[in-house]
Structure formats: structure tokens, C-alpha cells
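Beneath this line is the structure, given in C-alpha cells, with notes to follow.
The values are calculated or read from the model by the stated rules, or taken from the named source; none is laboratory data. Small disclaimer: the values here were computed from a predicted structure and weren't measured. Here the Cβ positions follow ideal geometry from the backbone for every residue, glycine too, while neighbour counts run over all protein chains shown.
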Number of protein chains: 2
Amino acid sequence: MEILDGKLVSQAVKDKLKAQTEERKKQGKKLPHLAAVLIGNNGASETYVASKVKSCSEIGFTSTLIRFPQEVTEEELLFKLNELNDDFDVDGILVQLPLPSHISEQKIIETIYPTKDVDGFHPESVGRMVQGLPAFYPATPYGILLLLEHYKIETKGKHAVVIGRSNIVGRPISIMLSKNDYPGNCTVTVCHSHTPNLAEICLQGDIIIAALGKPEFLKSNMVKPGAVVVDVGITRITDSTKKSGFSIKGDVDYDDVAPKCSYITPVPGGVGPMTIAALLMNTFKACIAKDIA
Amino acid sequence: MEILDGKLVSQAVKDKLKAQTEERKKQGKKLPHLAAVLIGNNGASETYVASKVKSCSEIGFTSTLIRFPQEVTEEELLFKLNELNDDFDVDGILVQLPLPSHISEQKIIETIYPTKDVDGFHPESVGRMVQGLPAFYPATPYGILLLLEHYKIETKGKHAVVIGRSNIVGRPISIMLSKNDYPGNCTVTVCHSHTPNLAEICLQGDIIIAALGKPEFLKSNMVKPGAVVVDVGITRITDSTKKSGFSIKGDVDYDDVAPKCSYITPVPGGVGPMTIAALLMNTFKACIAKDIA
């Protein structure tokens, strides 16, 4: 059993982007620029955004952090997004979710230009991805592809079972894994809460993507020997033995499942770190697209 | 075994739309208006467009047929599409595919406003469909849903096997059948040319959608007793016994498979007529969306 080490691969992606960014600097070209918008003081959101901004600075990207109080109006937010849309120097825009309930998430997502939509949440980005056109892939599923690619996992003709059909993970990864490309060309089954024979279907999976958000859901009796298991879950569980008061659990019962796998992602340190790598990749691509345009 | 009769259901959809259109007329409301663009003299395209225009007139929709010679430039075509986009009276625009090779299909598709994209081919339409937002569904898969709905076929918790991953049928129907709705909530497996164990997977299907474009591909030994089989194939086969010189074959070996099914679509007369019904539904929806806007 080998670990799909998201920390290591994320660092490898960042190292490569750093070298490419230094090369651009030498050539006097524009440097990639990510603008992150953070609303309110949600702890998890603060951590995510801080980590994204820090990663930018590590690899030589420009980043701008724009903060708004919880009470910001939708209008103010839309105004700022339009400014960022029109700012030539900004390549990628991300608005950290979730948003306060008085702001329409959909409206915010659809306001960001698809050419700057490095989170890949705009319907046009999703549609382009589905149709096999150049597009920004949403960060988490894109991160999974980068991980599979790094470990040269064979995907062609394999049966991938995706548990979960969310817009941000299950749905897009199921589409990506069945496209005519590498990683891809899998036979893909999408399972969800209405799948009556989930264990039976999981047992067919050469690759299993667990993205349902139920801690330690996937057990060894649902996994075929030699399967590749990717755990997208990150649930905080109260844990008095930890200083923080909680521990992070994935959707896979790791200790039970790991011995049966050929490859498995740990939680934390698997898919999580890859999402930032994917976001940075998208930002870099948004920047170099301007070289050509 | 019961036949999923596309002719009958298509007529039922049209009758309903006709009644609703008459009602709108009585109320002095705007009538649905479809603009169809036809380029060159391809026989099949002529037939399809003529049939769409005829259906419009039968149910009281306004329709406009715009013809261009094979040599039309991309610029001329784009100019016309922009005119149609800006014409308030036009609710739906369709450009009959395929296009001459000197015109970019993608550019044409992306020029039509998503609000008038009744063929559902614009990336934004596809993305909205994937994300579960109100959207125009592409006609063929939408027609399949209307067919399943008419016969009240249970889909929740069923295993749907989709053979084919094309942008116009396989991919969208696989997404639609797994969404949290009716028809939907299926466990869905997408198979394609790289699926090594296709027969084994088809045998799990409570519902099989054959959309690979290989005449009489699906045989009875690939079908579970009681399955619902939907045949999307329409291939012309040379046939000297027919006046026309050809006959139309589906992707399902009908005589072999039908006795094993609970429901099956014939070819012709199954999915084919439903695509027009779906297009008319989309045009009607585009029209009533303006009542609200």
C-alpha cells in the first residue's frame, strides 16, 4: 500500500509553478495575480484564505486580499467584483465561500468573468469542462487529477466509483474521470444517498472517490483488494485528546481500509493540500492565457 | 413488454403546448417564436428543419426559417445570430448542425444568447444543467426524460447504464438521470469505447440508454430481464428492399432484446420524435420566461 501524499505533490506543483514564475519574471512578463475576497470572520474561511495568500507569496505570485465585514451589501460586493473583472492585472478572482445569508452565492459566482473564474464554479466554466473545452476545473476535483497524475495511476478502462454528486466534487470528478484523456477514460459510476446497493457497487471500483461527507463511512468490506482510494471528506469531530478540541476525519475508515488498497490518500494531507495547488495552477493558466490573447 | 411510443408521447406534448399557446393567445400574450437557421442543402438537415417548422405551425408557435447558401461566411452568420439575439419577439434560436467546415460550430453555439439557446448546446446552458439551475436541456436527453415521465417509469434508486459519452446525448443524460429529481435519482454508470467489461455492466442496468452509434450493438445477453431500454441510435443502413434504398437501425437489436424488457423504445418512433417535442418545450419555456422578466 502506497500513500498518495498530497503535501508532497502539492509542494511539487508549487515548486514547478515557482520556477515558471521566476522564468516569467526574467523575461519581463506579467506575474500571475490572484485576488481573494473574504467576508466576515469565519474561522475556517480565514484559515483557507490565509493559506492561499501565503502560497501565492511563496511561489512569486502577486496576491490581493480584500476583506469585507459580515454586513457588506450584495451591491458593494458586486461592485468590487466588477472592478476586479476590469482590472487587467488581476488574473484570478476567488470569493471564499460560504457567504452571509443575505448575499446570493449564485449571483456572486456568475458575476466573476469566466476568464478569471479560477475556482471553476461559474456555470460557463462547468459547461466548458463538460464539453471538453479548455476550462478552469474546480479546485478539489482538479487536485485529485493532479494527484493521480503524479503517481502515474493507470485510469484508462478502470472502473471509478464516485460516492457523492455535489456540484463542487462528486459531479465534476465523475465527468473528468470519464473524459477521453489522461487521467480519464474510466468507466464511471456515480452513487449517492438513493443508491440501494452501495457496497456492492463500491466493490467493483478500481478507483473509489469518497465525497459524501460522512466520517469513516467507507469500510474495508466495501473495497476490492488493490483499489485506489481517494478520500475527499473533511469533517471536524470533537476530540478532547487534541489541543484544538477536535480532530479531522475523512469519509474513509483509514485504518480499516488502507491495508486493502494499492494507493490511498490520508486525511489530513491528501486531497486537502491539492486544492490549493489546483487553484494556483488555474491562476497561472489564467495569466499565461493573456500572453496569447 | 411495453413500447415507449415516442410518436404518441410527442403528440401528447404537442397537444398540451397547443392548448397552452391558444390560452396565451386568448389572453393577448406573446406567442412562442422559434427561429431556425439552415445552411446549405444537406438532405437530413432539410428534413429535420422542415419538421421543426411544421410542428411549430401545428401548435400555434410563430416560426422563422432563415436559409443561407453553403458558402455563407462565418461573419454573415454571426451577424444574423446577433440580430436574432436582439429581436425581442424571437424566443428560441436553433442553428441546424452540422455546419460547413469553414465555420466554427463552437463559435456559432456560443454566440446564441443562453436565454434563447433552446438546443441547450451553449456551455452556460450545460453548466446550469449540471449545477441544477433552471436551464434549457439539450433536446435528445430531455426528450428521453419526457418519455420516461409519460410512462411513469420509476427511476429513484434504479441503476441506469449509459453507453456513450457524447456531448449531445450520453454525457447530459447521465447527469440528468443522477440528479436529485424525477426522472432522476438513479445510480448512473457511464460506459464508452474504453470500458472493457461492457456486457457485465449492462447486465446491472435497470435502465439502459444506448447512445453509441453502432447499429444493433446491444444484444439480449447484455440485458437483465425486466430492464427499460432506450435506444438513441439512428444509423442509415443500405437496404435494397426499401424504396428509399435504406433503412434506419438503432443501437439495440430490437427483435432480440425486446422480449426481455419491461419497456423499450422502437427505432424509428421512439426517441427521435421526442427531440422535437423537447425543442418545442424549451421554446415555450423561453417565451414564458419573458412574462416574468
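May I ask you to list pairs of residues, at least six apart or on different chains, whose Cβ atoms are under 7 Å apart, with the first in the range B:225-239 being within 19 Å of residue B:141 (Cβ to Cβ) and the second being modelled with pLDDT of 95 or more and acidic (Asp, Glu)?
Within 7 Å, the pairs are B:227/B:206; B:228/B:206; B:231/B:251; B:232/B:251; B:233/B:251.
Having 2 or more residues that are under 26 Å from residue B:123 (Cα atoms) and either charged (D, E, K, R) or touching a helix residue (DSSP H, G or I) at 6+ places or on another chain (Cβ under 6 Å) (or both) is the bar; report the helices (runs of 4 or more DSSP H) wholly within the range A:14-112 that clear it.
The helices (runs of 4 or more DSSP H) meeting that bar are A:74-86, A:105-111.
When the residues of the range A:54-110 are filtered to those that are among the aromatic types (Phe, Trp, Tyr) and in contact with an Asp or Glu (Cβ under 9 Å, 6 or more places away or on another chain), which remaining residue is surrounded by the most Cβ atoms within 10 Å (Cβ to Cβ)?
So, considering only residues that are among the aromatic types (Phe, Trp, Tyr) and in contact with an Asp or Glu (Cβ under 9 Å, 6 or more places away or on another chain), the one surrounded by the most Cβ atoms within 10 Å (Cβ to Cβ) is A:61.
Read through the list (1) buried (at least 24 other Cβ atoms within 10 Å of the Cβ); (2) part of a loop (DSSP other than H, G, I, E, B), then give the number of the only condition that residue B:279 fails.
If we test residue B:279 against (1) buried (at least 24 other Cβ atoms within 10 Å of the Cβ); (2) part of a loop (DSSP other than H, G, I, E, B), just (2) comes out false.
Return the residues of the range A:115-156 that are within 13 Å of chain B (Cβ to nearest Cβ), under 16 Å from residue A:93 (Cβ atoms) and small (Gly, Ala, Ser); say none if nothing qualifies.
Residues satisfying the conditions are A:120, A:125, A:135.
Please determine whether any residue of the range B:259-274 is exposed (fewer than 15 other Cβ atoms within 10 Å of the Cβ), in the same structural domain as residue B:165 (by TED's automatic domain parsing) and in a helix (DSSP H, G or I).
yes
With (1) part of a loop (DSSP other than H, G, I, E, B); (2) crowded, with 22+ Cβ neighbours inside 10 Å as the list, and residue A:152 as the residue in question, which single condition is left unmet?
Unmet condition: (2).
Across the range B:98-143, what is the number of residues that are out of contact with any Pro (no Cβ under 6 Å at 6 or more places or on another chain) and touching a residue at least 12 places away in the same chain (Cβ under 8 Å)?
Number of matching residues: 32.
Considering the range B:8-17 alone, what residues qualify as being surrounded by fewer than 16 Cβ atoms within 10 Å (Cβ to Cβ) and of a type outside the set (Asp, Glu)?
Residues satisfying the conditions are B:8, B:11, B:12, B:16.
Looking at the range A:173-211 only, could you name the residues that are away from chain B (no Cβ under 11 Å), under 22 Å from residue A:127 (Cβ atoms) and not in a loop (DSSP other than H, G, I, E, B)?
Listed by number, the residues that qualify are A:173, A:176, A:209.
Only one residue in A:93, A:103, A:109 is more than 12 Å from chain B (Cβ to nearest Cβ), aliphatic (A, V, I, L, M), farther than 20 Å from residue A:31 by Cα and in contact with a strand residue (DSSP E or B) (Cβ under 9 Å, 6 or more places away or on another chain), so which one is that?
That would be A:103, the only listed residue that is more than 12 Å from chain B (Cβ to nearest Cβ), aliphatic (A, V, I, L, M), farther than 20 Å from residue A:31 by Cα and in contact with a strand residue (DSSP E or B) (Cβ under 9 Å, 6 or more places away or on another chain).
Within the range A:151-173, which residues are farther than 18 Å from residue A:212 by Cβ and free of Cβ contacts under 8 Å to residues at least 40 places away in the same chain?
A:152, A:154, A:156, A:157
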